[in-house]
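Student: Could you have a look at this structure, given as structure tokens, before my questions?
Please treat every number below as a calculation from the coordinates, not as lab data. Computed from a prediction, not measured in an experiment: that's the story for all the values here. Please note: Cβ atoms are built from the backbone with ideal geometry, for glycine as well, and neighbour counts cover all protein chains shown.
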Amino acid sequence: MEFYCKDFKVGKCQGQKLVDGHTMPLVLQPSEPHNGDLDSLLGALKRNKDWFDELIIKNSAVLLRGFDVKKAEDFNDIIETFGWDDIRYVGPAPRTHIYKRVWTANEGPLSEFIYYHHEMVLIKEFPKKVVLFCEIPPPEGGETPFVPSFKVTERMLEEFPQEVEDIDTKGLKYTFSAPSNNNTSSMRGRGWEDAFGTSDPAEAERRAKALGMDMEWLPNGGVKTILGPRPLTRVFEGRKGRRMWFNTVVGMHGKEVSSAMMADGSEIPEKFVKRCEQIIEEESIQFKWEAGDVLFLDNYALLHGRRPSLPPRKVLVATCK
Ligand SMILES: [Fe+2]
């Protein structure tokens, strides 16, 4: 049986898909209409912690809907119920700390599409779970689409068996350039000071090293970070031996501020990248945010992104070990 818990009722949402027998996202609603208040929800989560944890792994995405979750403090209470450790965000997205474990998801312009990624895929330690809370749903667009990563590997293996194994064996090398000061006019324009949490270049280098990156300073005061070798696919414990598409080749290949190539310096074929982009889009799952939604994503198993949106849109995030 896919589901049993007397504290929740399984609901439906537009856009959900059945992947390998499991619904994504699995929608959980109050068991009875009068159980939708925050205290009832916190109680239900506390009683079913282990079960809920397993559910996130089994279904990869679980959506709490119909509960009275109104603000960052409520969301923080939900996160703290589980006792998962916090993991500090490192990356290009401009984020603002809101309350305890809660941050804004990304303050880059709403008109930009944030390309699919596993959260902090290039960093040595990345979150196991990405949890998102919708405080203000966008009037149009602004979905958070996600993609079962193993499906991408499966389909790429069907079409490019040789290339996939070749790149996976050699590994990948990425570069990424950051300017010297904060500029949130583009989500890719975050300054290195902000990204590394220091304005001291020597300290930034130390922190970069600790994260597994090399740095080259640019004449304009910016920095080029070099990462690699990194894998193309990864297998994580407890995920059925699935090979996850744990890379950011499509997002970084051939861009103005970033690149992706094989670790030995050879180029990744353009048609490999283009086709992969199509496959990722074809496999994507998306639903429409509603106020109070809380979405739990298994970051080992899913890529996620953000579609362009009309304002206002307020989605908050907590990343957990
Ligand atoms: Fe993200």
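Student: How large is the Kirkwood hydrodynamic radius of the stretch 149-281, counting all unique pairs of alpha carbons, in Å?
Tutor: 16.1 Å
Student: Something else: Please give, to one decimal in nm, the separation of the simple spin-label points placed at SER266 and TYR99, each 7 Å out from Cα toward the Cβ.
Tutor: Placing both labels 7 Å beyond Cα along the Cβ direction yields 5.4 nm.
Student: May I pose another question? Please sort 306-316, 140-150, 154-164 by packing, taking for each peptide the average over its residues of neighbouring beta carbons within 10 angstrom, highest first.
Tutor: Top of the packing list down: 140-150, 306-316, 154-164.
Student: Can you give me the angle between helix 149-159 and the longest principal axis of the chain, using Cα atoms only, in degrees from 0 to 90, rounded to the nearest 10?
Tutor: On a 0 to 90 degree scale, this one is about 50.
Student: From the P(r) of the stretch 50-111, can you give the percent of Cα pairs sitting at distances over 17 Å?
Tutor: So the portion of pairs separated by more than 17 Å is 56 percent.
Student: By how many degrees, between 0 and 90 and to the nearest 10, does the Cα long axis of helix 38-47 differ from the longest principal axis of the chain?
Tutor: The angle comes out at about 80 degrees.
Student: Charges at C-beta only: +1 for Lys and Arg, -1 for Asp and Glu. How large is the resulting dipole of the chain about its Cα centre, in Debye rounded to 20?
Tutor: The calculated dipole for the chain is roughly 160 debye.
Student: Could you work out the helix-only [θ] at 222 nm for the chain, with each DSSP H run of four or more residues adding -39,500 (n - 2.57) and the total divided by the number of residues, to the nearest 500 deg cm²/dmol?
Tutor: So the helix-based figure for the chain works out to -7500 deg cm²/dmol.
Student: If you place +1 on the Cβ of every Lys and Arg, -1 on the Cβ of every Asp and Glu, and leave all else neutral, what size is the dipole of the stretch 86-229 about its Cα centre, to the nearest 20 Debye?
Tutor: Dipole magnitude for the stretch 86-229 comes out near 500 debye.
Student: In whole Å, what three semi-axes, largest first, describe the equivalent ellipsoid of the chain built from its Cα gyration tensor (square root of 5 times each eigenvalue)?
Tutor: Rounded to whole Å, the semi-axes are 33, 24, 17.
Student: Among the listed pairs LYS71/LYS255; LYS124/LYS170; LYS128/LYS314; LYS12/LYS274, which have their C-alpha atoms separated by more than 27 angstrom in this model?
Tutor: Too far apart for the 27 Å limit: LYS71/LYS255; LYS12/LYS274.
Student: Figure the gain on full extension for TRP51 and GLU154 (residue separation times 0.36 nm, minus the Cα-Cα span) and round it to one decimal in nm.
Tutor: Stretched out fully, the TRP51 to GLU154 stretch lengthens by 34.2 nm.
Student: Considering only VAL257, CYS276, LEU64, whose Cα is most displaced toward the positive end of the charge dipole of the chain, charges sitting on Cβ of Lys, Arg (+1) and Asp, Glu (-1)?
Tutor: After comparing all options, I get LEU64.
Student: Expressed as an acute angle from 0 to 90° and rounded to the nearest 10, what is the orientation of the C-alpha long axis of helix 72-82 relative to the principal long axis of the chain?
Tutor: 90 degrees
Student: If you don't mind, there's one more thing I want to ask. Ranked highest first by the average count of other Cβ atoms within 10 Å around their residues, in what order do 247-253, 201-207 fall?
Tutor: Order by mean packing, descending: 247-253, 201-207.
Student: Calculate, for LYS12 and LEU218, the FRET efficiency according to 1/(1 + (r/R0)^6) with r their C-beta to C-beta distance and R0 45 Å; round to the nearest 0.05.
Tutor: 0.35
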